[in-house]
Amino acid sequence: MTTQRLKKHITPQSKIGDIGEALVAKVMGCTVSDNPYDTTKDMVQNITGLTVEVKTQLRFWMKDSFTIHISQLPKCTNVDKLVFVDYGLSGHCRLYLCNNRTNYTLYNYDTMAAFPVADMVLTADFETPRALKMCKLTETKYKSSLNDSRLYENKRT
């Protein structure tokens, strides 16, 4: 990830996304796209040349899914690999590979797509101080549940 790209943060969400992309790039051996507005991918895996899209977010534990806005569906379904980065107050990050990108449920007046965690493969689980940094940047109505990390960790497993 270039220094120039890091300086162009407008929102906490974009900072969280860049942190997640950096983690995936390191773990999976990828090169992050220089264009932060790339409409086809976030990165390319160095050895295989496969395209990768990364979504960094808290798991939507009420549906045991990761969610995206439907405007992101074409990008998420057309890449070779879709990776969700899950993080929490415990300092853990988990990387999930979504193998079945056609199995999602629309909800919230069909504006959101939920990909079930049950259809994903946990590819990495590690501790990092970046997880805590992402938590501090998180703006969600579910953040109060993050304050009880024991509750949150039970929902994640």
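Read-outs: derived from the displayed coordinates by stated rules, not from any lab. Since the structure is predicted, the reported quantities are computational estimates derived from the model, not experimental observations. With ideal geometry, Cβ positions are generated from the backbone for all residues, glycine too; neighbour counts draw on all protein chains shown.
Could you check the simple spin-label distance between Asn78 and Thr105, using points 7 Å along Cα→Cβ, in nm with one decimal?
With each label placed 7 Å out from Cα toward Cβ, I get 2.8 nm.
Which ³J(HN,Hα) values in Hz, rounded to whole numbers, follow from the phi angles of segment 54-65 under the Karplus curve 6.51 cos²θ - 1.76 cosθ + 1.60, where θ = phi - 60° and Gly and Pro get x?
10, 10, 9, 6, 7, 5, 7, 5, 5, 10, 6, 9
So what J values fall out for segment 69-77 if you push phi through Karplus, 6.51 cos²θ - 1.76 cosθ + 1.60 with θ = phi - 60°, rounded to Hz, Gly and Pro as x?
Ordered by residue, 3J(HN,Hα) equals 6, 4, 5, 8, 4, x, 5, 6, 8 Hz.
Fewest Cβ neighbours within 10 Å first, please rank Leu97, Leu23, Leu89 accordingly. Can you show the working numbers first?
On the way: Leu97 15, Leu23 23, Leu89 18.
Placing the least packed residue first, the sequence is Leu97, Leu89, Leu23.
Between Asn35 and Phe126, what FRET efficiency follows from the Cβ-Cβ distance if R0 is 41 Å, with the result rounded to 0.05?
Working: r = 28 Å, r/R0 = 0.68.
Using R0 = 41 Å, I get an efficiency of 0.90.
If you rank Ser14, Ser65, Ser71 by fewest surrounding Cβ atoms within 10 Å, what's the result? Don't skip to the answer; put the middle values down first.
Working: Ser14 14, Ser65 22, Ser71 9.
Taking fewest neighbouring Cβ atoms as first place, the list is Ser71, Ser14, Ser65.
Amide H to amide H, which residues 5 or more places from Ser33 or on other chains are under 5 Å from it, using H placed in the peptide plane?
For Ser33, whose amide H was placed from the backbone, the distant partners under 5 Å are Met43, Val44.
Scan segment 1-107 for trypsin sites (Lys or Arg not before Pro) in coil per DSSP, keeping those whose Cβ has at most 12 other Cβ atoms within 10 Å, and list them by number. Walk me through the intermediate numbers first.
Numbers: sites: Arg5, Lys7, Lys8, Lys15, Lys26, Lys41, Lys55, Arg59, Lys63, Lys75, Lys81, Arg94, Arg101; in loops: Lys8, Lys41, Arg59, Lys63, Arg101.
When the trypsin sites (Lys or Arg not before Pro) of segment 1-107 are filtered for loop state and at most 12 Cβ neighbours within 10 Å, Lys8 remain.
Report, in cubic angstrom per residue, the convex hull volume of the C-alpha atoms of segment 3-152.
Numbers: hull volume 17.5 nm³, N = 150.
Spelled out: Cα convex hull of segment 3-152, divided by residues, is 116 Å³.
May I ask you to list the chymotrypsin sites (Phe, Trp or Tyr not before Pro) in segment 68-110 that are in a DSSP loop and have at most 12 other Cβ atoms within 10 Å of their Cβ?
Numbers: sites: Phe84, Tyr87, Tyr96, Tyr104, Tyr107, Tyr109; in loops: Tyr104, Tyr109.
Listed in order of number, the matching sites are Tyr109.
Between rounded, prolate and oblate, where does segment 64-114 land on the alpha carbon gyration tensor, with a ≥ b ≥ c its root eigenvalues, rounded for a/c under 1.5, else prolate if a/b exceeds b/c?
Numbers: a/c = 2.38, a/b = 1.41, b/c = 1.68.
It is oblate, given that a/c is not under 1.5 and a/b is not larger than b/c.
Under the Karplus relation 6.51 cos²θ - 1.76 cosθ + 1.60, θ = phi - 60°, what is the ordered set of whole-Hz ³J(HN,Hα) values for segment 100-107, x standing for Gly and Pro?
10, 7, 9, 9, 9, 10, 7, 8
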